[in-house]
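Written out below as structure tokens is the structure these notes cover.
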Amino acid sequence: MKRVLGNWAGSVHIALTLVALPFTVRASGFCKSINTRASSVCTLSSVSMSSATHIKARCTVYPGSDKQRFPVPDDKVSWATVWPEYSPVNYTALSVLNNPAWADPDIGSFSPRFNALDGSVDRQSHEGDYIIQDGRPLNPRGRTGVNGRGLLGRWGPNHAADPIVTRWKRDSAGQRVSHAVSKQPMLEFVSIKRKDCGEWAIPGGMVDPGELVSLSLQREFSEEALNALEASPQERKKIHERISQLFSSPGFQVYKGYVDDPRNTDNSWMETVAVNFHDETGDSISELPLQAGDDAAQVSWCDVDSSQPLFASHSDFLQAVAEERHAHW
Ligand code: BGC
């Protein structure tokens, strides 16, 4: 895992003072009671990002479809391994082929500039230059058993941003809570239950074309954890003011790079920048009333704990945060 434990925007920890927003907490039900029988998009077992070999990206059935990936054994993942028998299934979802604004046209009908900023679309990978073969970008982590774009809109990297908002877990007297077994102090993070697969996740999302990642982090958190899209113009203004204050504060970049996501194909893959914004004193971010919005069905403060199943590679990000802050995992 390519962890970058330097500062995200300057100095390290933050202690903001935010006044409560005029919203009530509508979300109920804590993360521990989640339904883990989610759809195939999210139910694949978790894997450490430190492994160079992707695993979720080789799951047997492509998410949201009945397409079976061509089986790729560990020793055949690398493109450097010659494998003439390799015959990946071609799949691009109808939702992508229907030409929505977030998706590219088909190769042949447009001329993307790969490994470059292509107009407002960033086709550069955090992993460095990727190979173009027969006009198509090749997944930097190797074979997946599927070519085309699957559920992803962009040929090449599809950029996401993950805001990890944390605080120390406290008891009713305001004292930090330590884990019964590890004896280490426990962290909580703002988690959403995704509508698409029912799994709990960091409230992340895609970086819009031309958008700075710092803004995507803020926008996704506002939309999914504070329901900014449905707020009145006045409420939205207040959310914007307070969230800009929060996210312009120093956090630290936990991860930047390729994500082992089950939607990945040989020609399209997910990458993300995950940044931790931590409320050390418990009187800043913690004051924000949470309300699920956009792609989120629920929102809640959840324990940072290895037993909590999470979407895609989100557990790996939280593990990195826990290690950095010497917290229970
Ligand atoms: C999610 C991010 C996630 C990324 C890669 C995006 O769709 O919103 O939270 O990190 O996919 O799996």
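The values are calculated or read from the model by the stated rules, or taken from the named source; none is laboratory data. Here the structure is a predicted model, which is why all the values come from computation and not from measurement. Every residue, glycine as well, gets a Cβ built from its backbone with ideal geometry; the counts of neighbours run over all protein chains shown.
Some observations on this one:
- Tally, over segment 172-200, of residues that are of a type outside the set (D, E, K, R), crowded, with 22+ Cβ neighbours inside 10 Å and either over 19 Å from Gly251 (Cα atoms) or in contact with a Leu (Cβ under 6 Å, 6 or more places away or on another chain) (or both): 2
Listed here are the residues, each with its yes/no results for (1) surrounded by 22 or more Cβ atoms within 10 Å (Cβ to Cβ); (2) farther than 23 Å from His179 by Cβ.
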| site | (1), (2) |
| --- | --- |
| Phe277 | yes, no |
| Ile285 | yes, no |
| Pro289 | no, yes |
| Ala296 | yes, yes |
| Val299 | yes, yes |
| Gln308 | no, no |
| Asp316 | yes, no |
| Trp329 | no, no |
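- The set of residues from segment 77-127 being small (Gly, Ala, Ser), free of Cβ contacts under 8 Å to residues at least 60 places away in the same chain and either within 19 Å of Asn264 (Cβ to Cβ) or in contact with a Ser or Thr (Cβ under 6 Å, 6 or more places away or on another chain) (or both) comprises Ala80, Ser87, Ala93, Ser95, Ala103.
- Within segment 202-230, restricting attention to residues that are among the hydrophobic types (A, V, I, L, M, F, W, C) and buried (at least 21 other Cβ atoms within 10 Å of the Cβ), the residue that is nearest to Pro262 (Cα to Cα) is Ile202.
- Residue within segment 180-187 that is under 26 Å from Val259 (Cα atoms) and either free of Cβ contacts under 8 Å to residues at least 60 places away in the same chain or within 13 Å of the ligand (Cβ to nearest atom) (or both) present: no
- Identity of the residue in segment 277-329, within 15 Å of the ligand (Cβ to nearest atom) and β-branched (Val, Ile, Thr), that ends up modelled with the highest pLDDT: Val321
- Search result, residues across segment 278-329 that are assigned to a helix (DSSP H, G or I), more than 24 Å from Gly174 (Cβ to Cβ) and among the charged types (D, E, K, R): Asp316, Glu323
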